[in-house]
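The values are calculated or read from the model by the stated rules, or taken from the named source; none is laboratory data. As the structure is a prediction and not an experimental result, all values here were calculated from the model. For neighbour counting, all protein chains shown are included, and Cβ atoms are generated from backbone atoms with ideal geometry for every residue, glycine included.
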Amino acid sequence: MTSRMRTRIVALLSIVGITLLVSIPLLSNAQDATPEMTEEQMIQRGASIYYTVCVACHQVDGNGVPGIYLPLNKGGIANLEDPTLFIYTVLYGRGGMPRFNSTYSNADIASVITFVRQEWDNNSAPVTEAEVAAVRDNYSATPIVSPTPDAQIPEGQNHPEQRQDPSNATPASTPSS
Ligand code: HEC
């Protein structure tokens, strides 16, 4: 083997080595494609969902519209220590509020709820994807909150008989459409 060939082989091997070194972290990343979000990432994603969808009714300041859209800022079910009712409401809707169970993943719903629970004057504990999954699995067709009186339901939002059975209550409208 000439020294020239040897130099070439060494050069080739080092290219292979560098390629491996660079690709190992990429490969291990690919295996972990859906890592748990950090709380900061959840709040970021939750904010973007809130300001795309929920804001239409509950407003930028989370105070809603008196007599129509309940406030999410301070008190209410949004800040209960047990987040079950909050999760249930976002999953299956309530009165004039559309359901989001097929629009959003458990991670999305946990994110928007965590955002709401920590925004404005709120200071309640975050909600995890697993907590949303548990409510989705346990309560799919059982209304655990009483329906809104008809007078509180905005025109054209939802149909009274759909409110009795959340399993067939498709959202009458989404704010983006
Ligand atoms: C189309 C309007 C509309 C949109 C969009 C909407 N909501 Fe609502 N929301 C309502 C109405 C109306 C009520 C009151 C329902 C009732 O009185 O039973 C409500 C009630 C709630 C409640 C219960 C508050 C309490 O203290 O009882 C929570 C929590 C809530 N919404 C969260 C959300 C979140 C989070 C989003 C976004 C993912 C959202 N809502 C999107 C209309 C809306």
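Listed by first and then second residue, the pairs linking a residue in the stretch 65-81 that is modelled with pLDDT under 95 to a residue that is of a type in the set (Lys, Arg), with Cβ atoms under 8 Å apart and 6 or more places separating them unless they lie on different chains, form an empty list. The set of residues in the stretch 92-112 being more than 9 Å from the ligand (Cβ to nearest atom), within 18 Å of Val55 (Cβ to Cβ) and in contact with a Pro (Cβ under 8 Å, 6 or more places away or on another chain) consists of Arg99 alone. Take Gly46 and tell me if it is within 9 Å of the ligand (Cβ to nearest atom), at pLDDT 95 or above and assigned by TED's automatic domain parsing to the domain that holds Ala107. Yes. When Val145 is tested against (1) modelled with pLDDT under 95; (2) outside any loop (DSSP other than H, G, I, E, B), only condition (2) is not met. Evaluate the stretch 18-34: report whether one residue or more is at pLDDT below 95 and within 17 Å of the chain's Cα centre (by Cα). Looking through the stretch 18-34, at least one residue is at pLDDT below 95 and within 17 Å of the chain's Cα centre (by Cα). Of everything in the stretch 70-85 that is in a loop (DSSP other than H, G, I, E, B) and within 8 Å of the ligand (Cβ to nearest atom), the residue that is surrounded by the most Cβ atoms within 10 Å (Cβ to Cβ) is Leu72.
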